[in-house]
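The values are calculated or read from the model by the stated rules, or taken from the named source; none is laboratory data. Bear in mind that the values here come from a model prediction, so they are computed numbers and not experimental data. Heads up, the Cβs are rebuilt from the backbone with ideal geometry, glycines too, and the neighbour counts pull from every protein chain shown. We work out accessible area using only protein heavy atoms, side chains counted, and drop any ligands, DNA or RNA first. Shrake-Rupley method; radii C 1.70, N 1.55, O 1.52, S 1.80 Å.
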Amino acid sequence: MPSPAEPPAGSDPSPRPFRGFFSPRTTPVPDNFFDEVLPELLGAEVKVLLYIFRRTFGWKKDRDNISLSQMVSGITRRNGTVLDRGTGLSKASVATALASLASKGMVKKTVRSNPETGHQPTTYEPVLASEGPLVQKLDK
């Protein structure tokens, strides 16, 4: 296992200079992620959960079909356009983080397969509270 100072296997050893953050366009992250959940998570769990938030909430979806390779390395279109660079974690780290997030009730996973094509990317979705602290049901 590499030390914390070593770059992940397969990563570019010479990092690109950081250009700065873009003005938010934005991927919503629930406040209780920061207020309640963040201190309880390991670094890999944070990366994986934020990646799932981006792929779901960032694209105005409740769930998305995401492969392990996308979480590890990101998504590059056929024309070479890089949509994202993934989590930067190893496949084993992503799988462990996903299992942990699922066991903590933070992420729901639905395994998909097709009789003709076999295994399909798994569907992941953040588990939403049925009623948040600011939600109030109104009687009609």
Exercise for review: Please go through segment 47-69 and pick out each residue that is of a type in the set (Val, Ile, Thr) and in contact with a Leu (Cβ under 7 Å, 6 or more places away or on another chain).
Suggested key: VAL48
Revision key, fill the gap. So, first residue under 17 Å from LEU98 (Cβ atoms) in segment 65-79, second residue of a type in the set (S, T, N, Q) and open to solvent by less than 60 Å² (accessible area, probe 1.4 Å), Cβ within less than 6 Å, six or more apart or across chains; the pairs are ASN65/THR123; MET71/THR87
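Rundown of residues vs (1) free of Cβ contacts under 8 Å to residues at least 40 places away in the same chain; (2) of a type in the set (A, V, I, L, M), yes/no style:
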residue: LYS47; (1), (2): no, no
residue: PHE57; (1), (2): no, no
residue: LYS60; (1), (2): yes, no
residue: ARG63; (1), (2): no, no
residue: THR81; (1), (2): yes, no
residue: SER90; (1), (2): no, no
residue: SER93; (1), (2): no, no
residue: VAL107; (1), (2): no, yes
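Would you point out which residue out of ASN114, ASN79 is at pLDDT 90 or above and more than 26 Å from ASN32 (Cα to Cα)?
From the options ASN114, ASN79, the qualifying one is ASN79.
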